[in-house]
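Q: One structure is given below, represented as structure tokens, and several questions about it will come after.
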Amino acid sequence: MRYAMAVDTKKCVGCSDCVVACQTENNVPIGYCRDWVVEVTDGTYPQLELELRSERCNHCENAPCVRCCPTGASFISEGGIVKVKENKCIGCGACITSCPYDARFVHPRGYVDKCTFCDHRVKEGLNPACVAVCPTKCMYFGDLDDPNSDVSKVLKMRKSKTLIPEAGTIPHLYFLI
Amino acid sequence: MREEIIVSGRSNPLIDPHLEIWEWQIPSYLFLGGLAAGILFFAGLYTIMKKEKEYKTAVAVAPLITPFLLALGLFFLFLDLKHKLYFWQLYTTIKLESPMSWGAWVLMIITPLSILWGAMHLKTVFPRWDWKYPLIEEILDFFGKYKMQMAWLMTIMSVILGIYTGILLSAFNARPLWNTSILGPLFLTSGLSTGAAAIILMSKSHAERLTFAKIDLMLIAIEIFLIVHMFMGFRASTQVQIEASKLFLGGEFTTIFWVFVMGFGLVLPAILEVFELQKIKVPHQIAPVLVLAGGLVFRFIMVHAGQISRWLY
């Protein structure tokens, strides 16, 4: 089982609903966030191109954060979801430094926090909160090993990219282009 | 032109607008760890070479401060932790792919070793020292029989400690400025150089000072070579590392690096040490103080600049 997410950059309008849904679902402390929206403008006026991306942890297969964690608090759980065991984390910051996507942050309680792909919802057969709430339905979630999952189907049909694949992290967050 | 902005108002402290998770604690520790490694290396080396008499400062006097250097460094590391009460989790795991994990274990070995070494040499430095408890005398006598083995262990462990301070940073693929295998040898050389400088500062013997001035001169030459080599590597590498090197070649760290690290921290003390070897009178404290200050500034700059450097997407 390999969970993955695909975000359609052609459908995303950058409303930040995914960010608020995540904050509410996961009780993320005020001012912090586990996902965020990036707006990329390319070119010179009048030839401009716009790309909107809802970003979060890439749940890398070759996760540098898991590799560098000195206590084993960062680990890859079932389905390839990268998680943090709060009571093993010492808050050394190594994983935050090691993440090329800057996807982790220090929770005000001291441990490191990040996106969990809402695994508590996924276990019950639901989609992560960000995916479920998206008003343009621009996000797809599912198991890459299952050819009939939403994410497998859309990745087969559409062209996609991952962020900084040259970092060798094998990310599981795809962007449809 | 390409402009990238986060439009959802992300403001995770310590990460936005750019990463600042490691502040003064980590570079201070890297400096203290490197300095202690340098001192212990020479103490071990000259014991193995059976030159304890000629190099009394290196073998007996300077190591006395290493337990304090390491304890202070460990305290700084503790201050850096954001989830402090769980620090003991470091010692429930051995994770070989995490340099921080094996660094923690190396410290666990070398810190008691430095305390033991200091205790064994206390009477050499202070002849009237009295331990008061016979048990301590017995323990020290017992370890005294294995002094040579301890010297070997200490020399090897100090090299690992010195090189680990660099490997810790170079293992981060996400920070292009650190992601070069030169960093391990570079930090080791710098650590040995600061160790030699500390010995010169403490030594009362002119002959010993001259030997360490020669050693330090050689280490500074190696360090300059490694720094130049590091930038050559960056310039010849991918765009991310070219951008990282620009922080030092025209960017915000250019002046502080080339003036305070390269100029006052390496070139100037090297010139002063050449003067000393040529028997030109210069106060012998200036060069080692400059080397120590340069080593400290170097670590601060590397840790801060490294956290600014990142992949571009």
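The values are calculated or read from the model by the stated rules, or taken from the named source; none is laboratory data. In this text, all values refer to a predicted model and were calculated from it rather than measured experimentally. Cβ sites come from the backbone with ideal geometry, for glycine too, and all protein chains shown count toward neighbours. Areas reflect the complete protein model, heavy atoms only, side chains present, ligands, DNA and RNA absent. Shrake-Rupley method; radii C 1.70, N 1.55, O 1.52, S 1.80 Å.
Q: Per-residue mean of other chain beta-carbon atoms within 10 angstrom of the beta-carbon, peptide B:73-81?
A: Working: counts 0, 0, 0, 0, 1, 1, 0, 4, 6.
Neighbouring Cβ atoms belonging to other protein chains average 1 per residue here.
Q: Please list, or write none, the aspartates and glutamates whose alpha carbon is within less than 17 Å of the alpha carbon of B:K56, excluding same-chain residues fewer than 8 places away.
A: Hits, sequence-local ones excluded: B:E208.
Q: Still on this structure, please answer the following. If the elastic network links every pair of Cα atoms under 10 Å, which of B:L32, B:L226, B:L90 fluctuates the most in the Gaussian network model of chain B?
A: B:L90
Q: Given a 1.4 Å probe and no ligands, DNA or RNA in the count, how much accessible surface is buried by A and B, both sides, to the nearest 100 Å²? If you can, show how the numbers build up before the last one.
A: Details: alone 9260 and 16310 Å², together 21620 Å².
Summing both chains' loss of accessible area gives about 3900 Å².
Q: Round to the nearest 10 and give me the degree value, 0 to 90, for the angle of helix B:286-308's Cα axis relative to the longest principal axis of chain B.
A: Between helix and principal axis, roughly 30 degrees.
Q: Could I ask something else about it? Just to check I understand the Karplus step: with θ = phi - 60° and J = 6.51 cos²θ - 1.76 cosθ + 1.60, what whole-Hz values come out for region B:58-74, glycine and proline as x?
A: Result, rounded to whole Hz: 5, 7, 10, 7, 4, x, 4, 8, 5, x, 6, 4, 5, 5, 5, x, 4.
Q: Let me ask another. Please work out how many pairs of lysine residues in region A:3-176 are eight or more positions apart (or on different chains) and have Cα atoms closer than 16 angstrom.
A: So the count works out to 12.
Q: Projected onto the charge dipole of region B:46-150 (+1 at Lys/Arg Cβ, -1 at Asp/Glu Cβ, origin at the Cα centre), which of B:T93, B:V61, B:F75 gives the Cα projection farthest towards the positive end?
A: B:V61
Q: Would you please name the chymotrypsin sites (Phe, Trp or Tyr not before Pro) within region B:118-224 that are DSSP coil residues with at most 16 other C-beta atoms within 10 Å of their C-beta?
A: Values: sites: B:W129, B:W131, B:F142, B:F143, B:Y146, B:W152, B:Y164, B:F172, B:W178, B:F187, B:F212; in loops: B:W129, B:W131, B:Y146, B:F172, B:W178.
Those satisfying the criteria are B:W129, B:W131, B:Y146.
Q: Starting from the amide H of A:G142, placed 1.01 Å from N in the peptide plane, find each other amide H under 5 Å away whose residue is 5 or more places distant or on another chain.
A: A:A4, A:V151
Q: For chain B, what class follows from the C-alpha gyration tensor (a ≥ b ≥ c being the square roots of its eigenvalues): rounded when a/c is under 1.5, otherwise prolate if a/b is larger than b/c, else oblate?
A: On the way: a/c = 2.47, a/b = 1.43, b/c = 1.73.
Oblate, because a/c is 1.5 or more while a/b does not exceed b/c.
Q: Taking only Cα atoms and a 10 Å spring cutoff, compute GNM fluctuations for chain B and point out the largest among B:P99, B:P288, B:P17.
A: B:P17
Q: So, one more: Straight distance only, please: which lysines reach the Cα of B:K145 with their own Cα at less than 17 Å, same-chain residues fewer than 8 apart left out?
A: B:K50, B:K123
Q: Which FRET efficiency, nearest 0.05, do B:E252 and B:E3 yield, Cβ-Cβ r, R0 22 Å? Walk me through the numbers before you get to the answer.
A: On the way: r = 21 Å, r/R0 = 0.93.
The pair B:E252/B:E3 has a calculated efficiency of 0.60.
Q: In whole Hz and in residue order, list the ³J(HN,Hα) couplings for region A:57-66 that follow from phi through the Karplus curve 6.51 cos²θ - 1.76 cosθ + 1.60, θ = phi - 60°; x for Gly and Pro.
A: Karplus-based 3J(HN,Hα) across region A:57-66 equals 4, 8, 6, 4, 6, 9, 7, x, 5, 6 Hz.
Q: Taking R0 as 25 Å, what's the FRET efficiency between B:F142 and B:E54 from their Cβ-Cβ distance, rounded to 0.05? Let's see the in-between values first.
A: Details: r = 27 Å, r/R0 = 1.08.
After rounding, the FRET efficiency stands at 0.40.
Q: Could you tell me which trypsin sites (Lys or Arg not before Pro) in region B:105-156 are loop residues by DSSP with no more than 10 other beta carbons within 10 angstrom of their beta carbon? Spell out each step's value before the answer.
A: Details: sites: B:K123, B:R128, B:K132, B:K145, B:K147; in loops: B:R128, B:K132, B:K145.
Passing sites in region B:105-156 are B:R128, B:K132, B:K145.
Q: What accessible area per residue, rounded to a whole number of Å², is obtained for region A:3-176 using a probe radius of 1.4 Å?
A: Values: 7060 Å² over 174 residues.
Spelled out: the 1.4 Å probe surface of region A:3-176, per residue, equals 41 Å².
Q: Quick check: the angle from helix B:183-202's long axis to the longest principal axis of chain B, C-alpha only, nearest 10 degrees?
A: It is inclined by approximately 40 degrees.
Q: Evaluate peptide B:85-94: per residue, the Cβ atoms of other protein chains within 10 Å of its Cβ; return the mean as an integer. If you can, show how the numbers build up before the last one.
A: On the way: counts 3, 10, 4, 2, 10, 4, 2, 3, 6, 2.
Partner Cβ neighbours, averaged per residue: 5.
Q: How big is the accessible area of A:H59 in square angstrom, nearest 10, if you roll a 1.4 angstrom probe over the protein chains?
A: Rounded to the nearest 10, the figure is 0 Å².
Q: Right, next: What are the trypsin sites (Lys or Arg not before Pro) within region B:223-281 that DSSP puts in a loop, where the Cβ has at most 15 other Cβ atoms within 10 Å? Show your work: numbers first, answer last.
A: Details: sites: B:R235, B:K246, B:K279, B:K281; in loops: B:K279, B:K281.
Taking region B:223-281 and a limit of 15 other Cβ atoms within 10 Å, the loop trypsin sites (Lys or Arg not before Pro) found are B:K279, B:K281.
Q: According to the square roots a ≥ b ≥ c of the eigenvalues of the Cα gyration tensor, what is the shape class of region B:28-104, taking rounded for a/c under 1.5, prolate for a/b larger than b/c otherwise, and oblate for the remainder? List each step's numbers first, then the result.
A: Working: a/c = 3.49, a/b = 2.13, b/c = 1.64.
It comes out prolate by the Cα gyration axes.
Q: In whole angstrom, how far apart do the alpha carbon centroids of region B:120-177 and region B:255-313 sit?
A: Taking the Cα centre of region B:255-313 as reference, the centre of region B:120-177 is 26 Å away.
Q: Determine Rg/Rh for chain A; Rg is computed over alpha-carbon atoms and Rh is the Kirkwood hydrodynamic estimate from the same atoms. Don't jump to the answer; show the numbers that get you there.
A: Values: Rg = 16.0 Å, Rh = 16.7 Å.
When Rh is taken as the Kirkwood radius, the ratio is 0.96.
Q: Quick one: grab the alpha carbon gyration tensor of the protein assembly as shown, order the square roots of its eigenvalues as a ≥ b ≥ c, and give me rounded if a/c is under 1.5, else prolate or oblate depending on whether a/b is larger than b/c.
A: Working: a/c = 3.12, a/b = 1.91, b/c = 1.64.
Prolate, since a/c reaches 1.5 and a/b exceeds b/c.
Q: So, one more: With springs connecting C-alpha atoms under 10 Å apart, model chain B as a Gaussian network and identify which of B:G162, B:G184, B:G263 has the largest mean-square fluctuation.
A: Ranking B:G162, B:G184, B:G263 by mean-square fluctuation puts B:G263 first.
Q: What is the angle, in °, between the Cα long axis of helix B:134-144 and the longest principal axis of the Cα atoms in chain B? Nearest 10 is fine, range 0 to 90.
A: Its long axis makes an angle of about 70 degrees.
Q: Can you list residues whose amide H is under 5 Å from A:Y174's amide H, if they're 5+ apart or on another chain and H is modeled 1.01 Å from N?
A: A:M5, A:A6, A:V7
Q: Give me the percent of the accessible area of region B:25-308 that comes from carbon and sulfur atoms, probe 1.4 Å, all protein chains in place.
A: On the way: 9100 of 12570 Å².
Taking all protein chains in place, region B:25-308 shows 72 percent carbon and sulfur surface.
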